[in-house]
Amino acid sequence: MGRVGFKVYAEPFALALILEASAYPKPGNVHRLRDREGLRYEAFLATGVLSAKYFERGIRRGFTGYRKVIVGDLIYGLIKEVAYKLRSTNTCLGSSMLLSFMSVTLGKLLRGGGEDLRLLQEITRSIVEDTTVLDSIYYYKAVRVASPSYIKPGDDTGEYVNVWDENFELKLVEKNHRLIDILKYNSRFDIVSDEVLRGFQRGFNAEEFLRSRLITHRDLNRGIIETYLYLLSENRDTIIYLKHGEDTALEVSRKAREILVEVMNKNTNWFKPLWEFDEELNRRKINPGAVADLTAEAIALYLLKNMFEEDMLLDLSH
């Protein structure tokens, strides 16, 4: 497979980031009609463009093989480029983790001549097992650049190295903590880490939901919002949990479930409950950012399936 081939397969990943950010009104997150403090919608569009070469690199790496590092440098490279080229805060820490793993997995699937996306789950688990301390070091560097407000220097990380420790590289090497070890530790509270370990199980379920909704009404924006609500209703968002506590996270999930039912049952004026929920979450400074990452993952799977089965990304003819 030549360079052009790898680039074509990277398109669904980059487009997924852009489509997720553009869907509106996506309650609590940046969308085309709402910025957040220090974080503009345009930064997400630019992130999608900048991401393509990293996902292309990941696909090529999975196809041709890898040695000392698998995904860590891909995550760090994109986060650093966004920070310095765009002067932006974190737009893609979670989604870059998910889609970087998926890109390497896809490359390995293509190398085997397969196009059954369900095989990505098994392949991903083997790739996660192959991660090294170098992956951990690069991932820590990515977190330090992204500097998410919900990860603090004073956090108790037990036997694991605090990401803000000035000697984090040396300590990671001494402890031989591979990225799989970090993911297992984080998965106790972080749905993105857990999702990687599960081989994108939530993403596959959400892709089926998205596809069913688009068969029903053929409205891409509405389908993405409904998928976001579906994921939010089914998962305790990591960022809400860490910043506002479990009760608030569960409250938001319950509210998302109620609004999803309302939106799905409305033929007209389905925007109204979404706008009200968006206003409420923004007023309370509640950001379901981890669920947004899962939504981007689901969109990427939807686009990949279209490529494999119908030789297209999207049908926007209607």
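The values are calculated or read from the model by the stated rules, or taken from the named source; none is laboratory data. Computed from a prediction, not measured in an experiment: that's the story for all the values here. No Cβ is skipped: glycine too gets one built from the backbone with ideal geometry, and neighbour counts run over all protein chains shown.
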Expected single match for touching a helix residue (DSSP H, G or I) at 6+ places or on another chain (Cβ under 9 Å) and either surrounded by fewer than 23 Cβ atoms within 10 Å (Cβ to Cβ) or closer than 20 Å to Asn221 by Cα (or both) among Leu74, Leu99, Leu45 is Leu45
Mind checking which pairs have a first residue in region 230-253 that is more than 9 Å from Pro288 (Cβ to Cβ) and a second that is surrounded by fewer than 19 Cβ atoms within 10 Å (Cβ to Cβ) and among the basic types (Lys, Arg), Cβ under 6 Å, 6 or more apart or different chains?
-> Ser233/Arg257
Which residues, counting only those in region 110-122, are of a type outside the set (S, T, N, Q), surrounded by fewer than 21 Cβ atoms within 10 Å (Cβ to Cβ) and not in a loop (DSSP other than H, G, I, E, B)?
-> Leu110, Arg111, Leu119, Glu122
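One line per residue, one yes/no per condition, for (1) among the β-branched types (Val, Ile, Thr); (2) surrounded by fewer than 20 Cβ atoms within 10 Å (Cβ to Cβ); (3) under 30 Å from Ala10 (Cβ atoms); (4) touching a Pro at 6+ places or on another chain (Cβ under 8 Å):
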position: Leu232; (1), (2), (3), (4): no, no, yes, yes
position: Ile240; (1), (2), (3), (4): yes, no, no, yes
position: Gly245; (1), (2), (3), (4): no, yes, no, no
position: Met264; (1), (2), (3), (4): no, yes, no, no
position: Trp275; (1), (2), (3), (4): no, yes, no, yes
position: Lys285; (1), (2), (3), (4): no, yes, no, no
position: Ala290; (1), (2), (3), (4): no, no, yes, no
position: Ala300; (1), (2), (3), (4): no, no, yes, yes
position: Leu314; (1), (2), (3), (4): no, yes, yes, no
In region 210-224, which residues are more than 15 Å from the chain's Cα centre (by Cα) and either surrounded by 18 or more Cβ atoms within 10 Å (Cβ to Cβ) or under 17 Å from Ser100 (Cβ atoms) (or both)?
-> Leu210, Arg213, Leu214, Leu220, Arg222, Gly223
Criterion: modelled with pLDDT under 95, in contact with a Ser or Thr (Cβ under 9 Å, 6 or more places away or on another chain) and farther than 28 Å from Val263 by Cα - qualifying residue of Gly72, Gly38 = Gly38
Quick check: anything in region 282-289 modelled with pLDDT of 95 or more, polar (S, T, N, Q), assigned to a helix (DSSP H, G or I) and touching a strand residue (DSSP E or B) at 6+ places or on another chain (Cβ under 8 Å)?
-> yes
Looking across region 1-35 at residues that are at pLDDT 95 or above and of a type in the set (Phe, Trp, Tyr), the single one that is surrounded by the most Cβ atoms within 10 Å (Cβ to Cβ) is Phe13
Do we have any residue at all in region 40-59 that's in a helix (DSSP H, G or I) and among the acidic types (Asp, Glu)?
-> yes
Might you let me know whether region 12-24 holds any residue that is closer than 30 Å to Ser233 by Cα, in a strand (DSSP E or B) and charged (D, E, K, R)?
-> no
